[in-house]
Structure formats: structure tokens, C-alpha cells
Ligand code: BES
Ligand code: ZN
């Protein structure tokens, strides 16, 4: 029964996309981040045939495209730092091509001469060793420290640095790939994946559901697999596999909970690849194979909402996809709402409440720090890099908007609305305006005066409801008690940090106010809980930030180790910001110089400009 409905959904998806195909040429949305002209020519399928060269740190091979041609005489692809060797038409003849002028955000347009009847071309090319999407890790930078590792990160506009492509979420393609890697390594993609290594290092992949190009992903390393149930499992380096599989043992339950809410899981398999620590994000929702940071493997399953988040993207983002990066909140706001609903189902309301409060606090920080123009849900990024607008606004303001709708119309009605929204727009892209129109027709029915303020205006909407958490109230009591004990000169008695979960500790530490509390308070709390030597990255990040701000220099050694070892941008930014804010630039630069080689391009790029660092 289950299988049949999955196949049916896949077929439906293809039908939908074909259906869209015929109408697509007239209603293309302009994506300012791409050179592609989708009304003229639009890619439908990619066949990728490449070798990963770990010595030269390049990917070399070919990309063949089947495309829909609306009387175009050129096919325009996005590229960044690629060397194009030749372009060949379906008849085997070479055709001419031109690489356009370099745009600092978009890269270069690759314009390929075609005839109005052409629907297939093959590009032979190679990447640059400093391709933005690619992170080539030395054995020393991996968990097991024995083999090198390669990972890709496509979102938002990095795929073009390793595959010439129409790199816009307004495009949807199926793909197949043949990837040749060193024999002792395994390759995995956002596609149907191997479970064991091949003898010859050659791997074949297919992804038969259409996805946006930013969701193509590849990882190569000493990777092994452990299934959790029939459709979920974990990939990781051998030394990490057992801990990762234990931490993520509830993945199957999460998929079931998600399906109960908003309909059948659309991608058949849901696996998570736990990466080496320099992966720049917490998670990346690559279809069939979420990429995840190892910083969630903390031994108590307290940070698994990250998996729920990437799973939720299987609907909001991967199935119904933001049309352009101006509509990014349509991916992330819906996903955060969905993530918290899954967690409420699997872990209970207290857990969901905690992550809602943490999210709200992060939103407050973002609202203070990012340019005002990026504090609306819908943004305009013409001539900007999508990364410049990146903040918690699309995530948590988006969440609060959907939560407001839930409370206004009731869960039952709102859930039915969302389920229908996903079903009716499956395998399509979504603009903010299209969503608003759909919402007006199917949910609000005219009473929608709040739309303008919530979606298009910057800053805080009026009448917004702040999330609360009972467990955090208790953590706050504990914090006040501990500070009072210190003031009363009570001797610190070592306590067991295990009595609270990660998020409770993060909240507790966030209560430290550098204007009120002192270095001596920090030393007291450290004597109680030994935060400085914690192995939990969330606790480490929260604690080192406060310690830097108050110049509690006992943390400097462990904090440097942390910053050199971990490349997750969410942890790097607050820590370097705290060093800068507390006039400790020499320390910041000393750490950054040692750590920078371990960071992915997206992390380096943000931090170089923040620290005014010229490599
Ligand atoms: N899709 C994002 C990561 C992303 C966003 C990469 C924009 C590049 C550009 C992913 O789903 C995400 O939001 N990850 C969060 C997880 C968290 C909200 C639970 C992260 O990485 O921290
Ligand atoms: Zn996300």
C-alpha cells in the first residue's frame, strides 16, 4: 500500500512537472541571481560524468543537458571559476561558446550557440581548486583522520562553481551521474545511493524526481552506512557511525510524524550523512541525503530538531521550492514551523517550546545586526549576494507568521490548509505573491489586512506573540539562585550538568549579562558546571561568547581549539563578533589565521569581510 502510493506520487510528480513544462515558457519569474533566460531555453535533465581528482583538487568531466527549446539560438548557463574545454551538440559536432564578463556575485554566463531545434548539448569542463561549492579536506581535517574527504554545498548560488547549470531555484531537473573516485573512498549524492563501496571506485546515481539545481550534492570519503529502518539510515565515517546512528535513532519516527501532518514523504528514502566538523552549516536538506554537522552528535539526542528541520524541507523547499532567493522565507519559515510540529509530536511540547524561545532570541539578535532592508520576509536582492541577506529573519519571523495563522484559524484548519498547499504545488516553485494569493483563496477569505505588515514591512510586526517555555523559566530560577549564592559567598559545589538538557543550558548561559555580571560570576558558574571544558558545541559556543565579552581568559585555549576544529558558521560568527566587540582583535586574528584553512568558502567569505582579513 505504502509502496504503491509512493510510486503513484512519483509519477504524479513527473506529470506535474511535464504539465508545468508546457506552460512554463510564459510565466517565468526573473531571478536576479542567474544569467539564465528560462523563457527561451530550460534544462530538464542533467547527465553528469566526472572524476574527482584529490591531488589537483578538481572535478573534471562532462555535463550533458536535455533542455526544452523555445526557438532559442543560445543556451545560457551559469558558471563560476570553471574552465570550459569544449561543447558538443547531439550530432557529435562541436559548437561555439563564450564565457561572459565576470560578475562578482553571479560569476560568468556561458553562452552556447545552438540551433532552434537543438535540445541536447554536452559541456566538457573542469573546476578550479578554489571552487566555492567544494571543500576538499585533508585526512587531518576529518573525524577519523585517515582519508581525505570532499563535500559540496550548492545553496544558494554555489552549484555553478562545480557544474555549469541554470543555477536558479526556478528550474527543476532530474539527473543521473557517474562519478569516479579513489578506490578506497565512497561517493554519495542527493540521489539513489550505494550502501557499500565498489571495487573500482566508480559510482552511478539517479535522481528521478525533479529538483532545483541547488539541491544537487556530492560527498566523497571513507563513508559507511547503517540503516535505522526500511527507509531511513545514517552515513558517516567509520569512527563516527555508531554514535551517529544512536543519536539519530528516532529518524523513522520523525518521518512518520511528518507524514501524518502534511502527506506522504515524497523522496522515498531519508538518510543523513554526518560530515566532518568543518561543514559550514548545521544541516543541508539535499533530497534523499541530508548533510549534517557532527556538532549535533552530543550523546543525549538533545539536538535532533536539526534532522526534523532538514526532513521538513522535503516538503517545504524541496517539493515546493522558493522561486528565487527573494522568497527564501517560503523555504525556511515553513520549515521551521514544520520542524517544531514534528518535534512536538516526537519529543513533546516542552521541547518544541524551548526551540521556539531559542529561535526568538536568535531573531532578536538578527533584527539588531542585519541591515533594516533584510528584516522583511520578502526581500529584494537585486545586485546582492543571497548570503548578505542571510539571517534568522526568514526562519523565525517566518515561523511566527505561520504560528500566528495557526492561532487565528485553529490547528485543524491550518493543518488541512498546509497539507493541501503542499499537494497542490508539489514539484513546483513558489513566489511570495503566489503563496499570498493561495492563502487568501484558501484560508483567510478576505480578512487579511495583516499580510502587508507581516510579509512586506521591515522590523517587528505589531501584536506579535512571544514564545515561552516552562523549562526555561526553571533554568532562569536556577541561574538567579546560582548568582545569588555567589553574591552570598556560598562555596561552589560541583553539580551534574546532565540534570538539564542542551537547550536549557544554552538558555541559562544566555542569561549572563555582560553589563551586570562579572568575570568572578563566570568563574563561579564554571566551578559549578565546568562549562569551559564542555564537549557540547552548543554549550561551548554560548559560554565562550559570554566569556570573550567579559574577558574571562580561562576559556581562550579551549575556545581556540573549538574554533580551529569546528567550521559551522552559526558558531563562528558570534564568537568572532564577541572578540571584536570586546576589543580583542589580535586574539581574533591569531585564532582566525590558524582556523581559516579548515573553513568552507561560505564561512571564510563572511568572516574575511567581518574581520577585514586579506588572505
Ligand atoms: N537550507 C538551510 C541551510 C542553508 C541556507 C544553506 C541558506 C545555504 C544557504 C538548512 O536547512 C538550515 O536552515 N540549516 C540550519 C538548521 C537549523 C535551522 C535547525 C543550520 O544550518 O543551522
Ligand atoms: Zn532550513
Within 16 Å of residue 298 (Cβ to Cβ), touching a helix residue (DSSP H, G or I) at 6+ places or on another chain (Cβ under 6 Å), crowded, with 17+ Cβ neighbours inside 10 Å and at pLDDT 95 or above: does that describe residue 571?
yes
Here are some conditions: (1) closer than 23 Å to residue 470 by Cα; (2) more than 15 Å from ligand 2 (Cβ to nearest atom); (3) touching a residue at least 40 places away in the same chain (Cβ under 8 Å). Residue 342 meets all but one. Which one does it not meet?
(2)
Among the candidates 544, 599, 524, which residue alone is within 16 Å of ligand 1 (Cβ to nearest atom), touching a residue at least 24 places away in the same chain (Cβ under 8 Å) and either farther than 22 Å from residue 284 by Cα or within 28 Å of the chain's Cα centre (by Cα) (or both)?
599
Please state which one of 334, 390 is touching a strand residue (DSSP E or B) at 6+ places or on another chain (Cβ under 6 Å) and within 13 Å of ligand 2 (Cβ to nearest atom).
334
Do we find that residue 365 is more than 19 Å from the chain's Cα centre (by Cα) and in a helix (DSSP H, G or I) in this structure?
yes
So residue 220 passes all but one of these: (1) more than 20 Å from the chain's Cα centre (by Cα); (2) under 16 Å from residue 291 (Cα atoms); (3) touching a residue at least 40 places away in the same chain (Cβ under 8 Å). Which condition number does it fail?
(1)
Test residue 257 against the criterion of being closer than 21 Å to residue 419 by Cα and within 12 Å of ligand 1 (Cβ to nearest atom), and give yes or no.
no
Within 18 Å of residue 469 (Cβ to Cβ) and within 12 Å of ligand 1 (Cβ to nearest atom) - does that describe any residue in the range 315-322?
no
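To keep it simple, each residue is scored yes or no on (1) surrounded by fewer than 17 Cβ atoms within 10 Å (Cβ to Cβ); (2) in contact (Cβ under 8 Å) with a residue 40 or more places away in the chain; (3) not assigned by TED's automatic domain parsing to the domain that holds residue 77.
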| site | (1), (2), (3) |
| --- | --- |
| 112 | no, no, no |
| 116 | yes, yes, no |
| 125 | no, yes, no |
| 136 | no, yes, yes |
| 139 | yes, no, yes |
| 142 | no, yes, yes |
Mind listing whichever residues of the range 294-311 are within 12 Å of the chain's Cα centre (by Cα) and more than 7 Å from ligand 1 (Cβ to nearest atom)?
307, 311
Quick test for you: out of 375, 382, 365, pick the one residue that is within 16 Å of ligand 1 (Cβ to nearest atom) and within 28 Å of residue 132 (Cβ to Cβ).
365
How many residues are in a helix (DSSP H, G or I), within 31 Å of the chain's Cα centre (by Cα) and in contact (Cβ under 8 Å) with a residue 40 or more places away in the chain if we restrict to the range 447-496?
6
Of (1) farther than 19 Å from residue 578 by Cα; (2) at pLDDT 95 or above; (3) in contact with a helix residue (DSSP H, G or I) (Cβ under 6 Å, 6 or more places away or on another chain), residue 548 satisfies all except one. Which?
(1)
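The values are calculated or read from the model by the stated rules, or taken from the named source; none is laboratory data. This is a predicted model, so every value here is computed, not measured. Methodologically, a virtual Cβ is constructed for each residue, glycine included, from the backbone with ideal geometry; neighbour enumeration extends over all protein chains shown.
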